[in-house]
Structure formats: C-alpha cells, structure tokens
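Student: Here's a structure for you.
The values are calculated or read from the model by the stated rules, or taken from the named source; none is laboratory data. If you're wondering where the values come from, they're calculated on a predicted model, not measured in any experiment. Note that we place each Cβ from the backbone using ideal geometry, even for glycine, and neighbour counts take in every protein chain shown.
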C-alpha cells in the first residue's frame, strides 16, 4: 500500500472511533448501518471481486442472518451463539447453492442467486407461524458482553465496529495466505491456475460460501440495530444495493467495501432533494463508471496516487475480466 | 377436463410470450456474449411507449407501431452503441453488471417518469369467449397464441431461410470463422440487437393487457426469460422456445393446483432442478472447457 | 518399462472438422519428445486432450499406466504433469516470486494448512532456488507483467517446474523469443531435464530448437502421425518435407 493509502486508513480509523461522540442519535444510527453493511459488502467483495462470480443473494443472506438472531435470542440463546449460528447457516446454504451452479459456465450463479433471493422472500413472507410474515419481528435485544450493556446507540456502534474490525482482520489474514494468492489467480487467469493444480471450482465455492456467511453475520447485527425486521428489507433491492456498493467502492480491492458502503449509506441523505430519483442517478452512475473506471472509486484513487507518485504500474482491472487466453 | 384445456391454452399463450423473450435473450448471448439482465425491463418498457403515444392522441395500432419503433431505437441501437460496445472490451462480467444497473435504471425511470400505478393496457380484441368442447377459452388467449406462433415461425424463416438469417446464425456460432468467410460480423451483431428489440416489443404488447403495464413487470418477465433460456439450454435458440413454452404451461398449471402464496416459486424450483440435474438444459450441449 | 505417457487412438472432432484423427504414441521416461507439423495439424488440440482441457471424442490417455482421459487439469497436475502455454499465461499483477509460489502451493499440504500456515506455503526457499536457476534473481520482486516477453517465457517454464513434475508438456516454448534468450532457455530446459530426470514433450515450430533439444521427434499432419524418428532423420524425410512444402 502506498504511504498516502496508509495515512488515509489511519485517518479513517480515527474518524470512525471519534465520530459517535460528535453525532446525534440519527447520525450514530447511520454510521452503525454503514458498519453493518460493510460486513456484508466485504463478503460480496470476496465472491465478486476475488472469485469473479455475481451473487444476487447477498441481501437474502443478510435476511437469513437477521431472522436467525431475531428468532433465537428471545428463546434464551446467547447472542453470540446465535451470531455464529447465523454465519454457519449461511456458509452451509452458500455451499449447497453454489455447488451445482458453479459446475457450469455462463454465470449461472447469478441466476440461481436471483431465484434464491425471491424464494427466501416468499418463505419469509408466507411462513407466518415462524417469521410473523409481513408483520415482521420487533425488539431484538442488543447483547450484553461481559457485563457491558450495548443498548445505547454509541455502545452498540462500538460493538459493531469491533466486530467489523475482527472480521476485517480475519479476511486480511485469509487474503495474505496462499488462499489469497489462489483467489487472485482465479480472477486473473483461471485456466493457468487450473493447470497449476489449483482447484478453481473449490476455491470459487469457498469464496462464495465465506462471502455468504459474512452476509449472515451482517444480518445478525442488523436485527438488533434496527430492531424491526420484515421480509421486504431483504428482497432483491438489498442485494442490488450491496452489489452496487462493491462495484462503486472498487471490487477486488480490500477497502472497496468500506468506501462503497459509505457512499450507499450517505447518498440517499445527500440526494434528499431529489429524493425518489436517487436510485436512477445511482444506477446511471454505475453504468458510467463501468464504462470508464470499472475498478471503482478506489481504482480511481489508486490511479491518481500512482500518477502523483510518477510510478509506472501494470494496469489493474479490478473487476475480473475474462483471462487473456489463446 | 374443461379447466385443463383452458389452463393449457392460456399456458401455451403465456409460454409463447416467454419464448419470444427468451429467444431474444439467447440470441444476444450467442452473438455478442451479452447476458442482458435487463431483458425483463426491456419487455416492460415498450408498453409505456405505446401508452405515451396513445396519450398523445395516436390510435392503438399507430401507437403500437410507434412503440416498436422506439423499442428498436432505444432498446436496440442505443443499448448496443452506448452500453454494450464500450463495455465489451472489459469482458463479460462488467457488461453483466452494467445490465443489472440498467434494469434498475429502466425500472425506476418508468416508475418516476410515467407512473408507479399499474396502467390498464388495451387488449387486442374485445374480451369474448369461445367454447371449445366444454372449455371456455378467451379469444385474447387464442390471439396471443396465434401472434406468438406466427412470430416464432417468422423468426424461424428469417434465421434459416434468408441469407441474412443464416449469416446471423454463423456469426452466433463462430464469429471468427464468420469474419473469415466475409460476413459483416458487426452488422450481424447489430441486427441481433434490433431483432431482440422487436421481439421484446411484441411480447410487451401481448403481455400487458393481461399483466397491466407496471414498472415491476420486468422482475417476473425477466426471471421467466432467464429460466426459459436455461431450461432450453443456454446457447440454443430452439431450446429457448421450448423452454418458454414448457415454463408457461407448467406455470399456469401450477397456479391452479398450488397455493397462490407460493405462486411465483414454481418456476424458481424448476430452475434449481434444471441446474442440479441437467445444467446444460434440454437441448444444450455440455460445454467444453476451452483452452 | 511402462511409458510415462501413452496415447491410444486419440480422436477429436469439432462439428465437422476432425482435428486429431486416431493418434497413438508412447513417451518413454526420460526422453525429450518433439512434436512438429504444419499449422493446423492438430498439435495443440492433441496437447489439450492429453491435459484434460478438452474431452477427446475417442481414444485414451494413460499416465504411468493409469487411465487419465478427461481428468481435470488440476487433478492431472497433482499427478505430476505440468505444462507451459503457447500464449503467455503468467499472473501479471503478482510478483515473480509470488507467481512461483502460486505455481507450487497447491502441492503443499491441504486446504486447511494453506489457510492457517505460512503465507508462502513453505515454498520461499524453493522459489528462490528456481529464480536463481533461471537467472531471474534481479527481477524477483517485480510484477510479472512488467517483465520482457522472453523473461516471462522463462518465468512460465519456471512455474511449470515448481511442483517438481515428472512429465512436462511445453507448448511452443520458443515462440517469439529472441536468439540469445532462446539459447538460455534451451540450456536451462536441458539442465532441468538432466538434473531431475524429467520427461518432456515439446510442440515447436522452430526447427533449430527442436533439433538441438529433442531426442525423438513425431511429425503430425492433418491430425495424423506421418513420421517418427531421430531429429536428423526427420529433417531429411521426404514425406515430412512434402507435408510442410505442400502447405
């Protein structure tokens, strides 16, 4: 990472820790939402930016995680047990979903995840005996961690921030390991990777399953954050939103999800004047961005900082493009 | 038995419409590696063109033609030139993402610039019924079926019996070889886009009297197109037709016999079943892993 | 002595075209077999069928006596078979060193050990040795994409050797490489071959390269083997000359 990059990260971390002391409750709610959505975006970034697969089900996984926690904690299950259960459940579902879909080419996973999201929505809406249907579930409790009550807005924010920090660390560790190298190979040149003994199917499946489990973990925090969940929150719209977050931030870039989630959370606030048009503007911006800088905002920043540094560099296409083949 | 015939006929009618949408989708994929995630919205939109033209005073037949023309320009030419061509150099994935964004863009545009309310759409014939055996079948269904079948036949003639059609097929199967043979590949690709625009416009006019013109139509219709294409075998035009018809019939039958709450789930389950047990679809070939 | 590689009656058709038409040959342990032939003779298709990249229409491939027709390339690689590519296939964003580690890491331990173990999968020293062997030490930390064409070709070969394969298939290793680098490449290939007693199969167009490197040569034309023998005999063989000139 460049020096500018390191400074930027440090500044951002300090800002993230200091922010809640300067914000009103709604502001704290916004940045808490940012933290929680970033976790889901990190997961989707693994699937899309590293393994090169489109998942339109990340929103559904967030929903599954949210409902898992919302249903288990009132039964007396400790929060973090439900938290891990949410992650594990989504990992398993991701594996089962991905296994057949990834046997084929043609981006079948995109369609399977699209269908899955709709199915999940239907189940959440129809099975009222379990999920309370369209009436939703209210009042999910915020956890008590070793005596520290996280009910307050600021306290819960720090809890979420802490979880984000740990998960980011874990993801960073994974990406530094041979798995990370394998993911880059997967994205840059899957054919070559295959010939080197790299089981591309297995690594892709793993990335998708881990990405999905991160979605579940995000949902597990989402339920106590908003304290009212209903099926519509986790329909296709959220999956689209998460996808756009990852793209805007810079897919395949470690910090892309952080930036993308920030934009997605703040944009509706900024565009409040053009309230209902914000989705149109967002979508149009994505199309323009894909045409001119598919590597997202951070890709732009990287290019700018390299230009400032005056260093030559190999052109990076962070959105996985088909490997240059014979 | 009577209700079965009714369901069958309306299922075939729906299936024929799905087939048109799926064929366009498959053609785009075949000729230019374009996975058009916005295909559903492409079917949703022309109905609004027609309604807008009618609001401006045009009679229905004229408005329909205007709708088709606008579709050709916007969903055919502009789509290709502004979105697909600039993106192709980055590969399939960025293009798919662009079409996902496009679907969102079109859906929200229809909602904001026309209406978020479902709009009634003129039927092609006054609502009358015909009695076949004991079944009551609407003339609307029969007409839709007839038009869709005619379109499919016309498509078949175009692709297989005309020179341009055969050139388009050659381009779809092997662009490099086609270029060597002197086929103007770029122009053939453009024709595919125009053809898709016509197909979605026709589908739109046929489906909107039943579904009403809603900005959310794209979701279900798009999903139907994808599923039909996958059932048939992603890279087979005949497969798309077969997949569309099968999907339409099964969907209609299931609506009668499965709870309405899970109405939309049936096609999705078919999709998952196909992916699990026969991923190459009914007519597709198992793809080679190419070097 | 079983052959390292046995190809029996291999056929591959694409639509109406028969690219490989009933090819059979054995590769003995320790030899360097060259496969030559005019353009379109089916050499690359043959390779891709042997390596699991394409499913043959008919025929078998056996590695050390085990049937491997249609086995996935990654599984084949773990059986000790490796390849280089005609068009460059290094990982441009990774450093030279990382390229090499990547090339060997899937042979070290399990998925779990690769996640929780060392970042270099224990291959740091091996990678350094390989870098020195191919005389790329001054470029070890550079991004592979910034290397010259010839240097990337060397890296490509180095990557194929990282897992210590017994059988290496090289697809036009000399293509596009300048004369000085060519000599260096050939010399390094021979050195590796001598040191590790590996078996090579080489597709090549450049006659001088083939003559200097290979111990035996097969000639392919229109999907069939038309001649076989020692390099110096092949270049005088009238059938072979006709096949090349006739095209």
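Student: When you check residue B:71 against the structure, is it at pLDDT 85 or above, within 13 Å of another protein chain (Cβ to nearest Cβ) and surrounded by 18 or more Cβ atoms within 10 Å (Cβ to Cβ), yes or no?
Tutor: Taking the combined requirement at face value, the residue does not satisfy it.
Student: Kindly indicate the residue of the stretch C:1-28 that is free of Cβ contacts under 8 Å to residues at least 24 places away in the same chain and outside any strand (DSSP E or B) and also nearest to residue C:71 (Cα to Cα) among those meeting that condition.
Tutor: Top of the filtered list is C:15.
Student: Counting residues that are more than 14 Å from chain C (Cβ to nearest Cβ) and modelled with pLDDT of 90 or more, which helices (runs of 4 or more DSSP H) fully inside the stretch A:163-275 reach at least 1? Steps first, answer last, please.
Tutor: On the way: elements: A:178-188, A:190-195, A:200-226, A:236-249, A:256-270.
In the stretch A:163-275, the matching helices (runs of 4 or more DSSP H) lie at A:200-226, A:236-249, A:256-270.
Student: Does residue B:252 fit the bill of being modelled with pLDDT under 85, within 16 Å of the chain's Cα centre (by Cα) and surrounded by fewer than 22 Cβ atoms within 10 Å (Cβ to Cβ)? Step through it out loud before you land on a result.
Tutor: Working: modelled with pLDDT under 85: yes; within 16 Å of the chain's Cα centre (by Cα): no; surrounded by fewer than 22 Cβ atoms within 10 Å (Cβ to Cβ): yes.
It is false that residue B:252 is modelled with pLDDT under 85, within 16 Å of the chain's Cα centre (by Cα) and surrounded by fewer than 22 Cβ atoms within 10 Å (Cβ to Cβ).
Student: Quick check on residue A:175: is it more than 22 Å from residue C:120 (Cβ to Cβ) and surrounded by fewer than 22 Cβ atoms within 10 Å (Cβ to Cβ)?
Tutor: no
Student: Check A:152, A:147 and return the single one that is at pLDDT below 85 and out of contact with any strand residue (DSSP E or B) (no Cβ under 9 Å at 6 or more places or on another chain).
Tutor: A:147
Student: Still on this structure, please answer the following. Would you confirm, using the coordinates I've provided, whether residue B:109 is under 19 Å from residue A:239 (Cβ atoms), without any contact (Cβ under 8 Å) to a residue 24 or more places away in the chain and either surrounded by fewer than 22 Cβ atoms within 10 Å (Cβ to Cβ) or within 9 Å of another protein chain (Cβ to nearest Cβ) (or both)? Before you say what the answer is, go through the steps one by one.
Tutor: Details: under 19 Å from residue A:239 (Cβ atoms): no; without any contact (Cβ under 8 Å) to a residue 24 or more places away in the chain: yes; either surrounded by fewer than 22 Cβ atoms within 10 Å (Cβ to Cβ) or within 9 Å of another protein chain (Cβ to nearest Cβ) (or both): yes.
Against the criterion (under 19 Å from residue A:239 (Cβ atoms), without any contact (Cβ under 8 Å) to a residue 24 or more places away in the chain and either surrounded by fewer than 22 Cβ atoms within 10 Å (Cβ to Cβ) or within 9 Å of another protein chain (Cβ to nearest Cβ) (or both)), residue B:109 does not qualify.
Student: Which of the residues belonging to the stretch A:133-154 are over 16 Å from residue A:234 (Cα atoms) and surrounded by fewer than 17 Cβ atoms within 10 Å (Cβ to Cβ)?
Tutor: Scanning the stretch A:133-154 gives A:139, A:141, A:144, A:145, A:146, A:147, A:148, A:149, A:151, A:152, A:154.
Student: I'd like the full set of residues that are more than 9 Å from chain A (Cβ to nearest Cβ) and crowded, with 18+ Cβ neighbours inside 10 Å, limited to the stretch C:49-58.
Tutor: Result: C:49, C:50, C:54, C:56.
Student: Another one. Give the residue, chosen from C:191, C:157, that is touching a residue at least 60 places away in the same chain (Cβ under 8 Å), in a helix (DSSP H, G or I) and under 26 Å from residue C:105 (Cβ atoms).
Tutor: C:157
Student: Residues that are within 14 Å of another protein chain (Cβ to nearest Cβ) and assigned to a helix (DSSP H, G or I): does the stretch A:133-147 have at least one? Let's see the steps before the verdict.
Tutor: Step one: filter the stretch A:133-147 for residues within 14 Å of another protein chain (Cβ to nearest Cβ), giving A:133-134.
So of that shortlist, the ones also assigned to a helix (DSSP H, G or I) come out as A:133-134.
Yes, the conditions are met somewhere in the stretch A:133-147.
Student: Quick test of your reading of the structure: residue A:93 fulfils all but one of (1) surrounded by fewer than 22 Cβ atoms within 10 Å (Cβ to Cβ); (2) more than 17 Å from the chain's Cα centre (by Cα); (3) more than 20 Å from residue A:232 (Cα to Cα). Name the failing condition by number.
Tutor: (2)
Student: Evaluate the following for residue A:123: is it assigned to a loop (DSSP other than H, G, I, E, B), free of Cβ contacts under 8 Å to residues at least 12 places away in the same chain and at the interface with chain B (Cβ under 10 Å from one of its Cβ atoms)?
Tutor: no
Student: Any residue at all in the stretch A:122-132 that is under 25 Å from residue B:219 (Cα atoms) and surrounded by 22 or more Cβ atoms within 10 Å (Cβ to Cβ)?
Tutor: yes
Student: Hey, another quick one. Here are the criteria: (1) modelled with pLDDT under 85; (2) within 14 Å of chain B (Cβ to nearest Cβ). Tell me which single one residue A:288 does not satisfy.
Tutor: (1)
Student: Between B:197, B:201, B:228, which is more than 10 Å from every other protein chain (Cβ to nearest Cβ), more than 25 Å from residue B:9 (Cβ to Cβ) and at pLDDT 90 or above?
Tutor: Among B:197, B:201, B:228, only B:197 is more than 10 Å from every other protein chain (Cβ to nearest Cβ), more than 25 Å from residue B:9 (Cβ to Cβ) and at pLDDT 90 or above.
Student: Also: So residue B:88 fits all but one of (1) in contact (Cβ under 8 Å) with a residue 12 or more places away in the chain; (2) facing chain A (nearest Cβ under 8 Å); (3) under 18 Å from residue A:54 (Cα atoms); what number is the exception?
Tutor: Only one criterion is unmet by residue B:88, namely (2).
Student: Restricting to the stretch C:89-130, count the residues that are more than 8 Å from chain A (Cβ to nearest Cβ), buried (at least 22 other Cβ atoms within 10 Å of the Cβ) and more than 20 Å from residue C:79 (Cα to Cα).
Tutor: Total satisfying the criteria: 4.
Student: Which of (1) touching a strand residue (DSSP E or B) at 6+ places or on another chain (Cβ under 9 Å); (2) not in a helix (DSSP H, G or I) is the odd one out, the single condition residue B:182 does not satisfy?
Tutor: That leaves (1) as the condition not met.
Student: Among (1) within 14 Å of chain B (Cβ to nearest Cβ); (2) under 24 Å from residue A:240 (Cβ atoms), there is one condition residue A:99 misses while meeting the rest; what is its number?
Tutor: (2)
Student: Now a separate question. Return only the number of the condition from (1) outside any helix (DSSP H, G or I); (2) over 13 Å from the mean Cα position of the chain (by Cα); (3) crowded, with 24+ Cβ neighbours inside 10 Å that residue B:37 does not satisfy.
Tutor: (2)
Student: Still on this structure: Let me spell it out: the conditions are (1) out of contact with any strand residue (DSSP E or B) (no Cβ under 7 Å at 6 or more places or on another chain); (2) outside any loop (DSSP other than H, G, I, E, B), and residue B:130 meets all of them except one. Which number is the exception?
Tutor: Condition (1) is where residue B:130 drops out.
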